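The structure under discussion appears below in the form of structure tokens.
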Amino acid sequence: MTGWLGLPPLAAAHGGQIDGLIGWIHIFMLVLFVGWGSFIVVALIRFRRSRNPVANYAGVKSHTSSYLEIGVAVVEAILLIGFAIPLWAARVDRRPAESEALVVHLTGEQFAWNVRYAGPDNVFGRTDIKLIDLQANPLGLDREDPAAKDDVVTLNQLYLPVNKPIIVKLRSKDVIHSFNVPELRVKQDAIPGLTIPIWFVPTVTTAEMRTRLGNPEFQYEIACAQLCGLGHYRMRGFVTIQTAEEFQKWMEEKLKENADPFK
Ligand SMILES: [Cu+2]
């Protein structure tokens, strides 16, 4: 229904609602644009100086314009109360249980995305700011903590299983960044000092999207959507959406690398 908007291809379960809202806003704004545009053209012709050499001090007596403005306000209230707020509530309030979702910690920094999974124990291990090493340990993960031993950390590579709720917990180490994946219809600022959850269900694997678009190079890309410094342009990460089995295999390989870091 929203093909005419030329939006990026859709790969998330909630995306249809977002696109619908964007579509309705465009339609209402088009109506407003034509309405106000016609009004100004009529006013310019009808009230031109050659036809009205003397100003009319009484002004307009009809209430048509008041009714029109009330109509516009009503339409805008419907957009807000009927579409935008329920959609926002559904995205933010009704988060799936963490036991049924995959929880990923995503920490922005100048200029990269640090991805962290809890590993098989489903517990994120301890981190300590004193352990931070920009190259070797950008999150300050304490590998002595038993819960941290199986944590999987990657740089700029977010692997996700398809058709499973994903909860991304967004953080920032320095300035405001923004996690934006257009195909997943998610965009959320990462703010220093806060942990902000955002959730979605990816519905199309990277492989499927490549076939659909006829582009074997296609990658879902995380674009940082806040101007966060001189290296902002190169702050990009990649999302690889896989089947549950492929994702499991990837996770196991990562765990093996963890166990033997010199391999
Ligand atoms: Cu950034």
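Within the shell defined by Cβ-Cβ distances under 13 Å, the residues around ALA118 carry a net charge of 0, with Lys and Arg each +1 and Asp and Glu each -1. Largest accessible area first, the residues TRP36, TRP88, TRP24 order themselves as TRP88, TRP36, TRP24 under a 1.4 Å probe with ligands, DNA and RNA left out.
Kindly work out what percent of the DSSP beta bridges joining two residues of the chain are antiparallel, to the nearest 5. List each step's numbers first, then the result.
Values: 29 of 41 bridges.
Once the DSSP bridges in the chain are tallied, antiparallel ones form about 70 percent.
Positive contributions from Lys and Arg (+1) and negative ones from Asp and Glu (-1), summed over other residues with Cβ under 13 Å from the Cβ of ILE25, come out at -2.
LEU7 sits among other residues whose Cβ lies under 15 Å from its own Cβ, and their net charge, with Lys and Arg +1 and Asp and Glu -1, is +1. Of the whole protein surface, THR211 contributes about 110 Å² of accessible area at a 1.4 Å probe radius.
Go through LYS256, LYS130 and list them by solvent-accessible area, largest first, probe radius 1.4 Å. Spell out each step's value before the answer.
On the way: LYS256 125, LYS130 175 Å².
Greatest to least solvent exposure: LYS130, LYS256.
The simple spin-label model puts a point 7 Å past each Cα toward its Cβ; for GLU257 and ARG94 those points are separated by 3.8 nm.
Which order, highest average first, do 54-61, 99-106 follow once you tally other Cβ atoms within 10 Å for each residue and take the mean per peptide?
Working: 54-61: 6.5, 99-106: 16.2.
Packing order, densest peptide first, comes out as 99-106, 54-61.
Using a simple spin-label model with pseudo-atoms 7 Å out from Cα toward Cβ, LYS187 and PHE28 lie 1.8 nm apart. Amide H contacts of ALA12: THR203, each under 5 Å away and 5 or more positions distant or on a separate chain (H built 1.01 Å from N in the peptide plane; Pro and chain starts excluded).
Remark: spin-label model distance ILE81-ASN52 equals 3.6 nm, labels positioned 7 Å along the Cα→Cβ axis. For the chain, the number of Lys pairs separated by eight or more positions or lying on different chains, with C-alpha atoms closer than 13 Å, is 4. Screening the chain for DSSP H helices whose Cα atoms reach 27 Å or more along their own axis and whose mean Kyte hydropathy is at least 0.0 gives 15-46. Taking a ≥ b ≥ c as the square roots of the eigenvalues of the alpha carbon gyration tensor, the range 130-263 is oblate, as a/c is not under 1.5 and a/b does not beat b/c.
The values are calculated or read from the model by the stated rules, or taken from the named source; none is laboratory data. Source: prediction; values computed, not measured. Note that each Cβ is placed from the backbone with ideal geometry, even for glycine, and that neighbours are counted across all protein chains shown. These accessible areas exclude ligands, DNA and RNA; they are computed on the full protein's heavy atoms, side chains included. Shrake-Rupley method; radii C 1.70, N 1.55, O 1.52, S 1.80 Å.
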